[in-house]
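The values are calculated or read from the model by the stated rules, or taken from the named source; none is laboratory data. For clarity, every value in this text was computed on a predicted model and none was experimentally measured. With ideal geometry, Cβ positions are generated from the backbone for all residues, glycine too; neighbour counts draw on all protein chains shown. Only protein heavy atoms, including side chains, enter the accessible area calculation; ligands, DNA and RNA are left aside. Shrake-Rupley method; radii C 1.70, N 1.55, O 1.52, S 1.80 Å.
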Amino acid sequence: QVQLVESGGGLVQAGGSLRLSCAASGSIAGSYSMCWFRQAPGKEREFVAAITWSGGATYYAESVKGRFFIYRSNNVNTVFLQMNRLKPGDTAVYYCGTTYGSRYFDTQTYDYWGQGTQITVAS
């Protein structure tokens, strides 16, 4: 089976930065894209960012453009989300996902999800 493990979450002051990572392991193979979604209490899971297998294309929600950056290292099984100038509205559980498709804004596109990591941004 495939396992995705997120790390890097925690408590941060508004205006601060955090970097999330997600490592994929197990039977996953091929050219899969990876993404970050987030879910705040009482809200549906929301698209944050996605990156293609090669890293040649990235996609961002309007709410995070210019602040968040998604990238993959030479180890393509790992994706990172650099979050800068964090706001209280960014508080949510952040989830990593994988997909072989290209509908990056659609949560149903994704094949696997991690357990999530909590990000809390204090005022």
Inset, instruction - With respect to Met34, determine if the residue is in contact with an Asp or Glu (Cβ under 9 Å, 6 or more places away or on another chain), touching a residue at least 60 places away in the same chain (Cβ under 8 Å) and not aromatic (Phe, Trp, Tyr). - result: no
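Could you grab me the full set of residues in the stretch 74-106 that are assigned to a loop (DSSP other than H, G, I, E, B), open to solvent by 60 Å² or more (accessible area, probe 1.4 Å) and touching a residue at least 12 places away in the same chain (Cβ under 8 Å)? Spell out the reasoning first.
So the first thing to find is which residues in the stretch 74-106 are assigned to a loop (DSSP other than H, G, I, E, B), and the list is 74-77, 84-87, 91, 100-106.
Cutting the leftovers down to open to solvent by 60 Å² or more (accessible area, probe 1.4 Å) gives us 74-75, 85, 87, 100, 102-103, 105.
Passing the criteria: Arg85, Lys87, Tyr100, Ser102, Phe105.
Suppose the filter is among the acidic types (Asp, Glu) and within 11 Å of Cys35 (Cβ to Cβ); does Asp90 pass it? Don't jump to the end; show me each part of the working.
Numbers: among the acidic types (Asp, Glu): yes; within 11 Å of Cys35 (Cβ to Cβ): no.
Taking the combined requirement at face value, the residue does not satisfy it.
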Legend entry - Test: residue in the stretch 38-52 that is out of contact with any Lys or Arg (no Cβ under 7 Å at 6 or more places or on another chain), farther than 18 Å from Thr91 by Cβ and among the aromatic types (Phe, Trp, Tyr): no
